[in-house]
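Here is the structure we will look at, set down as structure tokens.
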Amino acid sequence: MIDRNVSLDLMEFIERDILPRYSAFDKAHNIIHVSRVIKRSIKLAQGIGADVNMAYAIAAYHDLGLEGPRAIHHITSGKIVLADARLRKWFSTEQIKIMKEAVEDHRASASHAPRSIYGKIVAEADRDLEPETVFRRTIEYGLDHYPEKNKEEQWKRFMQHMESKYSSHGYIRLWIPGSDNEKQLKEIRELIVKPAKLRELFEKIYDEEKENYA
């Protein structure tokens, strides 16, 4: 059981009908990823006194839009929430509207702050900032989506992503002060300014992951 405060029948529905859809996505957005986002969302919701059922469902739906174009997946995910009449069994019309907006607001590249605490929860939970996890997901994404690139080209793509998203001038934003993510983002930023050390980590993870694509 994920949490004793989560509705059992909601959990059964999500695990049966929603989570399996993630098996079609790349390694950076698969069932392991969404399960982690769910776990962190519930923990954050408990910590601030938010509705754990809403937080759970939002996390479960947040990346379903990857069934369509990635660039607008957050918008598509919101539409999926709004269109899924089955959610009315557990949530009111107002709650579903908040959930739709939260899903839309989860992207790290969003230009505005999430519109509700639920958007902040899923946005924060979606940022799995354990350093090795961040590095591995970035490498996995490169191997999945740019298989034609050699190791050096993957390294350049990896570094460009680190700089644009996670560096001190990157676009990632954290919305809940005092979260574990603050400390972990600091560790990532310290490594970004030490490219030799970061290259060592890249080489290790790249060689491990490359075996899965042989």
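Quick notes
- A simple rule links phi to the HN-Hα coupling: the Karplus curve 6.51 cos²θ - 1.76 cosθ + 1.60 with θ = phi - 60°, which for region 155-168 gives 4, 5, 5, 4, 5, 4, 5, 4, 5, 6, 9, 9, 5, 4 Hz, with x for Gly and Pro.
- To the nearest ten degrees, helix 31-48 and the longest principal axis of the Cα atoms of the chain are 60 degrees apart.
- Cα-Cα pairs of region 90-172 separated by more than 20 Å (percent): 47
- Cα-derived Rg over Rh, computed across the chain with Rh taken as Kirkwood radius: 0.98
- Relative contact order %, region 65-214, counting alpha carbon pairs below 8 Å whose residues are six or more apart: 19
- For region 145-208, the residue among 178, 205, 155 whose Cα projects farthest onto the positive side of the dipole built from Cβ charges is 178.
- Counting Cα-Cα pairs of region 41-148 in 5 Å increments starting at 0 gives whole-percent bin shares of 2, 13, 21, 22, 20, 12, 6, 4, 1, 0.
- Angle of helix 180-192 to the longest C-alpha principal axis of the chain, folded into 0 to 90 degrees and rounded to 10: 20°.
- Calculated from backbone phi, Karplus (6.51, -1.76, 1.60) coupling profile of region 142-148 in Hz, x at Gly/Pro: x, 5, 5, 9, 10, x, 6
- Cα-centre dipole for region 63-137 with unit charges at Cβ (Lys and Arg positive, Asp and Glu negative), debye to 20: 260
- Taking Cα atoms only, the orientation of helix 117-126 departs from the longest principal axis of the chain by about 40 degrees.
- Of the solvent-accessible surface of region 80-214, computed with a 1.4 Å probe over protein heavy atoms with every protein chain present, carbon and sulfur atoms account for 50 percent.
- Overall, the chain carries a charge dipole of about 440 debye about its Cα centre when +1 sits on the Cβ of Lys and Arg and -1 on the Cβ of Asp and Glu, all other atoms neutral.
- Taking the Cα centre of region 87-214 as reference, the dipole from Cβ charges on Lys and Arg (+1) and Asp and Glu (-1) amounts to some 500 debye.
- Average accessible surface area per residue within region 71-180, 1.4 Å rolling probe, Å²: 48
- Above-threshold pairs, the threshold being 22 Å between Cα atoms, out of 120/183; 43/210; 100/183; 151/194: 43/210; 100/183
- Relative protection proxy for 166-176, 68-78, from highest mean packing down: 68-78, 166-176 (other beta-carbon atoms within 10 angstrom).
The values are calculated or read from the model by the stated rules, or taken from the named source; none is laboratory data. Note that the structure is a prediction, hence the values are computed from the model and not measured. Note: ideal-geometry Cβ built from the backbone for every residue, glycine included; neighbour counts use all protein chains shown. Protein only, heavy atoms only, side chains kept; ligands, DNA and RNA dropped before computing areas. Shrake-Rupley method; radii C 1.70, N 1.55, O 1.52, S 1.80 Å.
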